[in-house]
Structure formats: structure tokens, C-alpha cells
Amino acid sequence: MKTLSPDTRAALRSRTRLVHAGREPFEQHGFVNTPVYRGSTVLYESVENLSRHNARFTYGTKGTPTTEALERAWTEIAGAAGTVLTPSGLAAITVAFLAVVKAGDHILVTDAAYRPIRTFCDSVLRRLGVETTYYDPALGGDVAGLFRPETSLVFVEAPGSQSLDMQDVPAIVAAAHARDIPVMMDNTWATSLMFPAHKYGVDLVVEAGTKYLSGHSDLLLGVTSANARYWPQLRATFDAFAMCAGPEDVFLALRGLRTMELRLREAERQGLAMAHWLKARPEVARVLHPALPEHPGHAIWQRDFTGSSGLFSVILKPCGSEALAAMLDGLELFGLGYSWGGYESLVVPFDCAPYRSATTWAPGGPALRFSIGLENVEDLQEDLDRGFARLKAA
Ligand SMILES: *Cc1c(COP(=O)(O)O)cnc(C)c1O
């Protein structure tokens, strides 16, 4: 194995890229993987080198060979100018916000955004003098009607990670760029493997590496990439906070990266099988999955995305809360918990009504979000089958 030539590297297909990106075996005695570098202090050989500040590594908060391996790999996979790694997905988003906003600014955030983002906007950003308007995710390019002279960011998440609302990202990017406003996207659902957001013009792309990059529910990590225009200010803001991720988590994420496409494609296949099975159940009113033709955002998903992940939601026909609890409490295979993207299946009830402000959430029955893992779908179906029997009996 030789170091890849730039031409070979540029032509790699996605699975080969995931195998080779960010690896330099001959920089570590031929061992295949970059090891965990733990460290704060980095030593210099001379006063001259110390004062020049031009060493590859200078201090633990600024990066180690372990973090650099994942940053480089992600930059290549996302088609970005650079990447920073933070201790959680939420930290990735807050640092990216602070890289572009200043006091007096106005920002637009999709009403379907991951809920803790609203808490950040309504508390910290408000205190810093930044005003947030939540907008209907269905607006597409019409989001331009909400622009003000001081609007400095449009934040999108497609599909929303509870309600699965799709967004017309290219139309939003065109509208925002016409006014020189940057667009930031939470791309955790599709990842850059199924929606190459930078190619669609998104300036800052955030993913919770906690989900499919990790894939094993054993770490927290945020990954933010930026295009050339926004990379210097993202890196400078990240350095100002020293919001660095732990080396053990980054090592595990590098391990997850190598199998990420295989796990995502399997999650897609299993998720679709479960979505179709649930759609046929008499207890289910609707399945919210953008790859199903009846989903209102299906045409956009089909145009822009190259696949779907294992996360989707269902709306049950009206039933009592005790009946729903009887169904969920007795599940033997599905875990009841937040987060998603691991190898194990999860289900969680949710309600967007208390926090939506630009749209109303009234689905007409209880909502459940499923994250489908790698079990045999027949076993998952039998677990839910017994659950539906409990729901009916209660
Ligand atoms: C989980 C999640 C996050 C936050 O990631 P953490 O690592 O849990 O902080 C952000 N956005 C979406 C869509 C998520 O699902």
C-alpha cells in the first residue's frame, strides 16, 4: 500500500474513501489505525521552534494526530474546506452558530429543528442580542419573505428528526445566497453519504457523530464542516472556546467511520421494511418516512437524497395513554430511549405541540419515533405485534 496520489484520492468511490480517508499507516510504524494520542503538552526541540508557532501540533486543545485523522477524513468525505470535532452534536451546533452571529443580528431557524437548539437560541443567543425567527420548514425559497437587513443565518434540518418534515435545501440556499446570507444545516439524519450538503451549497454542515458515525451508542461527538468561505471563522471560534473532543471518543468514531456506509445502508433497508410493515397495521394511522411516496416531502427527498436512514415516525390511531404505556413498557427488544443511530432498535413517544411556534402539530393520535437497528426485522415485528396486542387489551 502506497500513499494515495491526489488523482487516485479524488476519484475514489464512497466506500473506498471511507476505508482510506484519514489513515497514514507509515506515519505509525505501519499499524493500520491511528492510535489514541492522549496529551496536553507538546514538546518543541528548540526555542526557535517554540517561538515560530508553526509546528503541526502545538497543544492538546488544538488537536492531536487522532483528532486530525478524523478531521481530515471528514473534510474529504463531506467535500468541505475543513472540519472541527466537538464533545457533542449540540456543542457542534452552538459553536457553529457563534462562528457566524453577532449582537444585533437576526437568524431564521426551521420550526422542526432539534429541540435543544431552540433552548440555545431562546436563552444564550437572545441574551447576546441575537433574535431568532422560527419558520415553517415547508417554505422553501419563500423563506426570503422573512429576511431582514440584519438577517445573518438560515438554519435548516432535513428531514426534522421527530416530525420528518422535508425542506427544499437548494431553494433555501439560492434565496439566502442571493442576499449573501450563509446557510447552516443539521445533516444528522442523512449524513453527507446520503445528502452531500456542501455540494448543494450549504456553507456550514453539522452532524451529531453520536448517531450514525459512532453507530454503537457508546460515545458523544459533534462534527462541523465548512466551505472555504466560512472555514476560517469556524476554526477561529472553535479555537476560542477550546471546545475539543476527547481522544478516546474520536478513536471510536474513526472505527465507526470505516463501516458507516454499510450500517447506514442496512439501517435504510431495515427501516423501510419496518415502515411498510407498520403502515399495514390497523393500529397505525400514518407513517412519516420521506422515502414513502405518500410523504409530503417525498419528491424533494427523491430529487436530492441518495437514500434514507433508519429513523422515522408513526402516528397511531387515537388511544389512551395507559394503553400506549402498556404497549411500550412491555417491549423486550426495542429500547425506550432518546438518541438514535446505534446498532440497536429504539422507540420513543414524542409531542412537538408544546414548542412549535411557526406551525401547529396536531397529528390526531400519539406519535412514536423509531430508530431501527441491525436485529432481524421478523424479531422486531414480533416484539411490536405483542405490543399492539397489549395496546388493544388495555
Ligand atoms: C442527537 C442530535 C443532535 C445532538 O447530538 P448530541 O451528540 O446528542 O448532542 C443534534 N441534532 C440532531 C438531529 C440529533 O438527533
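Quick check on Gly337: is it farther than 14 Å from Gly160 by Cα and touching a residue at least 40 places away in the same chain (Cβ under 8 Å)?
no
So which residues in the stretch 284-334 are within 23 Å of Asn376 (Cα to Cα) and without any contact (Cβ under 8 Å) to a residue 40 or more places away in the chain, if there are any at all?
Val284, Val287, Ala291, Leu292, Asp329
Could you please let me know if Leu85 is closer than 30 Å to Val32 by Cα and in contact with a helix residue (DSSP H, G or I) (Cβ under 7 Å, 6 or more places away or on another chain)?
It is true that Leu85 is closer than 30 Å to Val32 by Cα and in contact with a helix residue (DSSP H, G or I) (Cβ under 7 Å, 6 or more places away or on another chain).
Is one or more of the residues making up the stretch 291-309 touching a strand residue (DSSP E or B) at 6+ places or on another chain (Cβ under 6 Å), of a type outside the set (Lys, Arg) and in the same structural domain as Gly364 (by TED's automatic domain parsing)?
no
For the stretch 308-329, which residues satisfy the criterion of being surrounded by 15 or more Cβ atoms within 10 Å (Cβ to Cβ) and either over 23 Å from Met194 (Cα atoms) or among the aliphatic types (A, V, I, L, M) (or both)?
Leu311, Val314, Ile315, Leu316, Cys319, Ala323, Leu324, Ala326, Met327, Leu328
Keeping to the stretch 70-102, report how many residues are closer than 21 Å to Arg126 by Cβ and β-branched (Val, Ile, Thr).
5
Pairs please, first residue from the stretch 177-194 and in the same structural domain as Ser152 (by TED's automatic domain parsing), second anywhere and within 11 Å of the ligand (Cβ to nearest atom) and of a type in the set (Val, Ile, Thr), Cβ atoms under 6 Å, 6+ apart in sequence or on different chains.
Final answer for the pair search is Asp186/Val206.
Within the stretch 198-214, work out how many residues are of a type in the set (A, V, I, L, M, F, W, C) and away from the ligand (no atom under 13 Å from the Cβ).
Adding up the residues that qualify gives 2.
So that you can scan it fast, the table gives a plain yes or no per residue for (1) closer than 19 Å to Thr188 by Cβ; (2) among the small types (Gly, Ala, Ser); (3) under 20 Å from the mean Cα position of the chain (by Cα); (4) modelled with pLDDT of 95 or more:
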position	(1), (2), (3), (4)
Ala103	no, yes, no, yes
Thr110	yes, no, yes, yes
Val124	no, no, no, yes
Arg127	no, no, no, yes
Val130	no, no, no, yes
Leu139	no, no, no, yes
Ala144	no, yes, no, yes
Phe147	no, no, no, yes
Glu150	no, no, no, yes
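Determine whether Met194 is surrounded by 23 or more Cβ atoms within 10 Å (Cβ to Cβ), modelled with pLDDT of 95 or more and either within 15 Å of Ile93 (Cα to Cα) or within 16 Å of the ligand (Cβ to nearest atom) (or both).
In short, no.
Out of the residues in the stretch 138-155 that are in contact with a Leu (Cβ under 9 Å, 6 or more places away or on another chain) and farther than 25 Å from Pro296 by Cβ, which is surrounded by the fewest Cβ atoms within 10 Å (Cβ to Cβ)?
It comes out as Thr151.
Residues Glu157, Glu150: which one is farther than 30 Å from Asp249 by Cα and without any contact (Cβ under 8 Å) to a residue 60 or more places away in the chain?
Every option except Glu150 fails the conditions.
Based on this model, can you work out whether Ser51 counts as surrounded by fewer than 17 Cβ atoms within 10 Å (Cβ to Cβ) and among the polar types (S, T, N, Q)?
Considered against the rule, which asks whether it is surrounded by fewer than 17 Cβ atoms within 10 Å (Cβ to Cβ) and among the polar types (S, T, N, Q), Ser51 comes out as yes.
Filter the stretch 197-210 down to the residues that are buried (at least 24 other Cβ atoms within 10 Å of the Cβ) and under 23 Å from Trp301 (Cα atoms) and list them by number.
Ala197, Val202, Asp203, Leu204, Val205, Val206, Glu207, Ala208, Gly209
Among the residues of the stretch 85-137 satisfying the criterion of being β-branched (Val, Ile, Thr) and within 13 Å of the ligand (Cβ to nearest atom), which is surrounded by the fewest Cβ atoms within 10 Å (Cβ to Cβ)?
Going through the qualifying residues, I end up with Thr119.
Return the only residue of Glu283, Glu294, Glu332, Glu344 being of a type in the set (Asp, Glu) and under 21 Å from the mean Cα position of the chain (by Cα).
One residue alone meets the criteria, Glu344.
Which condition number in (1) in contact with a Ser or Thr (Cβ under 6 Å, 6 or more places away or on another chain); (2) farther than 16 Å from Pro247 by Cβ; (3) among the acidic types (Asp, Glu) is the one that Glu76 fails?
(1)
For the stretch 215-227, which positions are more than 9 Å from the ligand (Cβ to nearest atom) and surrounded by 24 or more Cβ atoms within 10 Å (Cβ to Cβ)?
Gly215, Val223, Thr224, Ser225, Ala226
The values are calculated or read from the model by the stated rules, or taken from the named source; none is laboratory data. The structure displayed is predicted, hence computed values, not measured ones. Cβ sites come from the backbone with ideal geometry, for glycine too, and all protein chains shown count toward neighbours.
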